[in-house]
Every structure is written in structure tokens, then in C-alpha cells.
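Visitor: Let me begin by handing over the structure; questions about it come next.
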Amino acid sequence: MKPLHVDQLPNFVKRFGNFIDGELRSIQTVSPTQINLTLACQDIARGYDWLSLEFEFKDVSEASLIDNDKLLHVEMNDGISLTNKDNLFTFKTNNATLKIVAKKLKYQEKPF
């Protein structure tokens, strides 16, 4: 897993096209303060090839999650919002179905 730094955030989101039309794959609550989330998206740096990204949120202070069996029903036409304010990363779907706020964020690229 690679840490995602605040200064990398704009290019990271742009690289994956704001995750528009992506697909949420899984959410795992590892502990009360750690959540792992996997989604599939297109990578502009790889000629729009599809890949999976696994996110690791640590020191989670707020979360609004849904069950894994309902993830395919989450509308991803508008992508996600991934921001950092006051040293907190906020990940949320643009339709506000899912939200995670955490101090630390890491990611790993995986095959589609």
C-alpha cells in the first residue's frame, strides 16, 4: 500500500477520471478505526484500461457505509469526491450514499 499525500490528491483523482462510472466492489470494516474499500475504475495513465483500487482508511472518525450486497446499486455516474480539509481525507460518492472521513489514506493498484 502506498500512502496518498495531500499534494497528490488532485492528480490522483484526475488520473482516474473522478471515478466516473466506476464500480464499488467491497467494503470491509477491519476495526472501528480502519475501513478498506475496493473499487474498479479506468486509469487514464494506462490508456483508460480498467483496474481495481484498494483504499485503506485509518483513524476513521466518521463513516456512512452500505452493505456489500447493495454496492452494485450505488450510482457512480457522477463519480466520487476525494478531498482533504483540516488534515482529514473525505471520500464520498457524489450522490452521498457512502462517506468515509479518516486521517490516513493508502491505496494499492490491483488487476481488474
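Visitor: Would you please list the contacts, defined by Cβ atoms under 7 Å and residues six or more apart or on different chains, that run from a residue in segment 12-23 that is closer than 13 Å to Lys92 by Cα to a residue that is of a type in the set (D, E, K, R)?
Guide: Filtered contacts from segment 12-23: Ile20/Asp78.
Visitor: Tally time: how many residues in segment 70-95 are under 15 Å from Asp21 (Cα atoms), surrounded by fewer than 17 Cβ atoms within 10 Å (Cβ to Cβ) and of a type in the set (A, V, I, L, M, F, W, C)?
Guide: Looking only at that region, the number is 2.
Visitor: Six or more apart or on different chains, Cβ atoms under 8 Å: show the pairs whose first residue is in segment 24-35 and over 21 Å from Ile80 (Cα atoms) and of a type in the set (A, V, I, L, M) and whose second is surrounded by 15 or more Cβ atoms within 10 Å (Cβ to Cβ) and at pLDDT 95 or above.
Guide: Hits for this filter: Val30/Asn36.
Visitor: Would you check if there is a residue in segment 47-54 being outside any strand (DSSP E or B) and more than 12 Å from Leu105 (Cβ to Cβ)?
Guide: Start the filter on segment 47-54 by keeping residues that are outside any strand (DSSP E or B), which leaves 47-48.
After this cut, where a residue has to be more than 12 Å from Leu105 (Cβ to Cβ) as well, the list is 47-48.
Checking segment 47-54: at least one residue is outside any strand (DSSP E or B) and more than 12 Å from Leu105 (Cβ to Cβ).
The values are calculated or read from the model by the stated rules, or taken from the named source; none is laboratory data. Remember, it's a predicted structure, so these values are computed and weren't measured experimentally. In this analysis, Cβ positions are derived from the backbone assuming ideal geometry, glycine residues included, and neighbour counts consider all displayed protein chains.
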